[in-house]
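Have a look at the structure below, then the notes.
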Protein chains: 2
Amino acid sequence: MSQTTVSRALNGFPEVSEKTRQVVLEAAAKHNYKPNTRARRLATGKSMTIGHLVCVSKEHEMVNPIFADFIAGASARYAQSRYDLLLSLVPDEVEFSSYKEWAARSAVDGVVVHAPRVDEQRIAQLNDLNMPFVVHGRSSNTFEKYNWVDVNNERSFFRATQLLIELGHTTIGLINGVADMDFAMRRAQGYQRALKENNIEQADSYVTHSEMTEPNGYKNALALLDLPDPPTALVTSSIIMANGIRRALDEHELKLGRDVSVITHDDDLSYFRDAAAVPVYTATRSSVREAGRLSADLLLKTIADPGRDPEGILLDAELILGSSTKPPRPR
Amino acid sequence: MSQTTVSRALNGFPEVSEKTRQVVLEAAAKHNYKPNTRARRLATGKSMTIGHLVCVSKEHEMVNPIFADFIAGASARYAQSRYDLLLSLVPDEVEFSSYKEWAARSAVDGVVVHAPRVDEQRIAQLNDLNMPFVVHGRSSNTFEKYNWVDVNNERSFFRATQLLIELGHTTIGLINGVADMDFAMRRAQGYQRALKENNIEQADSYVTHSEMTEPNGYKNALALLDLPDPPTALVTSSIIMANGIRRALDEHELKLGRDVSVITHDDDLSYFRDAAAVPVYTATRSSVREAGRLSADLLLKTIADPGRDPEGILLDAELILGSSTKPPRPR
DNA sequence: TCAAGCTTTCAAAGCGCTTTGGAAATTGTT
DNA sequence: AACAATTTCCAAAGCGCTTTGAAAGCTTGA
């Protein structure tokens with residue numbers, strides 16, 4: 001039997017009879033034969049690989065903990081279409097040159113952009129390279145067309161803040177992510193809009209920006225609690241920071257919910273899943289794993305049909321009521 | 001100029017004069033030329049790729065949160081040697097068939113085995129496949145030779161438990177990972193040995209095994225605190241569970257350290273780095289990122305020299321004194 | 001000046017697949 | 001039975017590199 005026939009039988013071409021195909025498949029199964037990836041990729045001119053470039057902040061060597069769950073979602077989708085996932089964790093300053101290298105040596109068929117900034121250079125650069133990509137998040141200051149999957153950050157933080165105001169809180173802190181991250185900016189906007197619409201004026205000192213680690217949640221919460229007029233409620237961008245906040249409250253002998261209300265964004269991380277009947281935290285919740293799945297899907301569609309118009313998928317975070325929000329205590 | 005010369009110039013062969021090499025390098029830089037990965041891999045017969053298979057527990061869709069930091073360490077090392085990292089997150093039941101598939105289609109030059117169990121089939125299977133690999137951790141019930149990088153789990157949990165006993169604790173709980181994980185078993189052994197050497201007898205109910213999530217830390221701590229003779233100290237395998245434990249203490253109006261002492265294993269995760277002058281938790285600390293670096297290093301060495309004898313690298317976790325351990329309160 | 005001995009360059013043969021274009025086998029039609 | 005139409009198969013070319021083996025260019029010594 002010729003190489004051609006085998007190749008066609010395995011790749012599901014119609015030119016081969018069903019009988020022959022069965023024979024081939026059986027023989028392949030018997031000898032555990034799988035076409036050599038390297039040869040196949042050279043012959044087809046496709047890499048069958050999606051690149052994920054995750055940046056490790058130089059300063060704190062921090063790896064964004066949501067990326068594991070995001071990738072878990074994406075990986076499942078890639079597997080379905082027999083794509084491989086190429087992962088690289090790099091210091092942020094070499095981010096773009098890594099994309100360029102991947103493109104030059106044609107190592108990937110498409111890439112996912114993680115953690116876009118308000119001013120995101122990579123979007124225009126990838127468009128220039130003509131590399132299919134999808135952004136997890138958006139970038140406000142760009143006029144480029146691009147694929148993205150994002151949650152409605154502005155609206156969900158508006159709602160969260162609004163909820164606190166309706167409960168009677170008038171001094172509300174925001175413990176946010178790094179300021180030049182697009183998601184952080186949008187969340188801050190939603191928070192500010194709620195304050196404004198309710199005619200609440202607050203000094204800038206009620207807002208902190210930092211990497212979303214537990215120690216930073218703790219530190220920033222302490223800073224806010226030490227203000228002359230401490231907030232009675234906090235909104236935060238990460239359940240990991242929320243844990244730090246709880247530690248700070250603890251140290252001040254304050255009880256979560258009763259003394260200080262907290263609403264957190266909840267990415268539904270697998271190791272922090274707040275699944276109790278009454279969740280610990282009132283939260284704006286949106287599964288980052290689902291976002292991974294959707295991003296992968298969108299990217300594979302774009303690769304399959306390069307003429308496709310870029311698409312944006314906006315997920316709406318649910319506002320989940322938990323036990324961390326109560327009306328403020330009378331003074 | 002011929003293809004041969006260019007190839008040799010770029011790959012640093014001595015057969016090409018320094019002058020020619022410079023010309024080639026400049027031209028390559030100018031046109032941003034990089035040899036096509038696919039063609040190169042076919043020609044050389046190497047994949048220049050390391051596979052990481054991370055299993056997602058079917059039951060809870062849990063992704064082990066330490067893997068992000070581990071991979072950050074490994075990725076840096078791969079980049080140095082121009083290797084790519086192929087990542088796949090799969091349900092545990094297909095774990096081995098994924099390795100087999102990678103081998104059959106020669107997609108990778110080596111793999112890293114994450115989260116080995118006490119009875120780990122994959123080690124023998126990979127040896128049979130003749131696939132270079134390194135295990136992050138060890139497997140107690142195997143006589144195979146293999147490369148591994150592990151921390152001294154037994155000893156560090158022995159020391160942790162011993163410390164609590166020396167402080168005066170006599171009722172000590174263990175909130176551990178899933179029982180068939182090798183690391184969990186070794187830690188339990190260290191804990192048991194300390195109890196035994198100090199003639200402390202305790203019912204099995206003082207030990208819990210579960211996936212290391214925050215909610216599980218909370219739940220298991222509650223269960224132990226509700227025992228007729230509740231423990232005055234806890235040892236736990238994960239800083240994420242420690243957060244759940246703190247929440248449980250909080251709910252019982254118990255103060256960490258003062259009322260209940262806690263020692264946790266601390267993988268030095270980037271988003272939970274307990275870097276205060278006096279750390280929050282007394283901990284057995286060992287950087288999982290460093291383990292990633294060392295694993296990558298060992299694997300690349302093995303690939304470069306296939307005749308190499310398998311090696312084991314045993315890291316010693318430091319016992320870091322924090323503020324979560326105090327003598328028990330007099331009743 | 002010429003042969004011997006190096007250094008530098010190159011043409012051609014793979015690597016293990018997919019794909020093309022055409023030949024052989026089978027089926028259907030008259 | 002003969003031919004056309006269709007189905008099934010195959011030989012050969014090519015994917016873009018690396019590597020081999022040999023040729024060309026350059027030095028050196030007699």
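Structural remarks
- Comparing B:Asn141, B:Asn11, B:Asn36 in a Gaussian network model of chain B, where Cα atoms under 10 Å apart are tied by springs, the biggest mean-square fluctuation is seen for B:Asn11.
- Using alpha-carbon coordinates, inclination of helix B:153-167 to the longest axis of chain B, degrees: 30 degrees
- Chain B: most fluctuating residue of B:Ala29, B:Ala233, B:Ala43 per GNM, C-alpha cutoff 10 Å: B:Ala29
- Rounded to 10°, Cα long-axis angle of helix A:214-225 versus longest principal axis of chain A: 20 degrees
- Computed from phi, the 3J(HN,Hα) profile of region B:4-21 under the Karplus parametrisation 6.51, -1.76, 1.60 (θ = phi - 60°) reads 4, 4, 4, 4, 5, 4, 6, 9, x, 7, x, 6, 10, 6, 4, 5, 4, 4 Hz, with x in place of Gly and Pro.
- Calculated P(r) of region B:101-182 - Cα pairs past 23 Å, %: 39 percent
- Here is how far apart the B:Asn199 label points are across copies: 7.6 nm, shortest first, using a point 7 Å from Cα toward Cβ.
- Here's how it looks for A:Gly51: its modeled amide H is under 5 Å from those of A:Leu86, A:Asp109, A:Gly110, A:Val111, A:Val112, which are all 5 or more places away or on a different chain.
- About the Cα centre, charge dipole magnitude for region B:153-287 (Lys/Arg +1, Asp/Glu -1 at Cβ), debye: 320 debye
- Charge tally for B:Ala179 (other residues, Cβ to Cβ under 13 Å; Lys, Arg +1; Asp, Glu -1): -2.
- P(r) weight above 22 Å for region A:8-159, C-alpha pairs, percent: 53 percent
- Position A:Leu129, label points 7 Å along Cα→Cβ, spacing to each other copy in nm (shortest first, one decimal): 3.0
- Evaluated on region B:153-287, the Kirkwood hydrodynamic radius is 14.5 Å, with distances taken between all distinct Cα atoms.
- Per-pair calculated FRET efficiency, R0 = 51 Å: B:Ile320 and A:Ser97 via Cβ, rounded to 0.05: 0.85
- Residue separation of A:Lys301 and A:Ile313 scaled by 0.36 nm, minus their Cα-Cα distance, works out to 3.0 nm of gained length.
- The orientation-averaged projection of the convex hull spanning the C-alpha atoms of the protein assembly as shown amounts to 34.4 square nanometres.
- Pairs beyond 30 Å (Cα-Cα), from A:Lys196/B:Lys255; A:Lys58/B:Lys145; B:Lys34/B:Lys301: A:Lys196/B:Lys255; A:Lys58/B:Lys145
- Taking amide H positions as modeled 1.01 Å from N, with prolines and chain starts lacking one, the residues under 5 Å from B:Val56 and 5 or more places away or on another chain are B:Val90, B:Asp92.
- For trypsin sites (Lys or Arg not before Pro), the sites in region A:123-191 that DSSP calls loop and that have at most 12 other Cβ atoms within 10 Å are A:Lys145.
- Annotation for region B:112-166: chymotrypsin sites (Phe, Trp or Tyr not before Pro) lying in DSSP loop with at most 13 further Cβ atoms inside 10 Å of their Cβ are B:Phe143.
- A point 7 Å from Cα along Cα→Cβ stands in for B:Ser323, and the other copies hold the same point at 2.6 nm, listed in rising order.
- Legend: translational diffusion of chain A by Stokes-Einstein, Rh = Kirkwood radius over C-alpha pairs, 4 °C, 1.567 mPa s; D = 59 µm²/s.
- Spin-label model distance (nm) - A:Asn32 vs B:Leu10, 7 Å beyond Cα toward Cβ: 3.5 nm
- Taking amide H positions as modeled 1.01 Å from N, with prolines and chain starts lacking one, the residues under 5 Å from B:Glu311 and 5 or more places away or on another chain are B:Asn147, B:Trp148.
- Calculated FRET value between A:Leu167 and A:Ser140, using beta carbons and R₀ = 30 Å, to 0.05: 0.50
- Label-point separation, B:Gln80 to A:Gln22 (7 Å along Cα→Cβ), nm: 5.6 nm
- Zone of A:His252's modelled label, taken as backbone nitrogen in region A:164-192 under 18 Å from a point 7 Å along Cα→Cβ: A:164-165, A:168-176
- Relative contact order for chain B: 18 percent, from Cα pairs under 8 Å spaced at least 6 residues apart, divided by residue count.
- Between A:Ala291, A:Ala304, A:Ala194, the Gaussian network model of chain A with springs among Cα atoms under 10 angstrom shows the greatest mean-square fluctuation at A:Ala304.
- Only one residue of A:Thr302, B:Val235, A:Val288 has its Cα farthest out toward the positive end of the dipole of the protein assembly as shown, where Lys and Arg carry +1 and Asp and Glu -1 on Cβ, and that residue is A:Thr302.
- Charge dipole (region A:65-208, unit charges on Cβ, about Cα centre) - positive-most of A:Ala107, A:Ser75, A:Asn176: A:Ser75
- Charge dipole of chain A (Cα centre as origin; +1 on each Lys and Arg Cβ, -1 on each Asp and Glu Cβ, all else neutral): 1280 debye, rounded to the nearest 20.
No lab work stands behind these numbers, since they all come straight from the coordinates. The model shown is predicted, which means the values in this text are computed figures rather than measured ones. We place every Cβ from the backbone using ideal geometry, glycine too, and count neighbours over all the protein chains shown.
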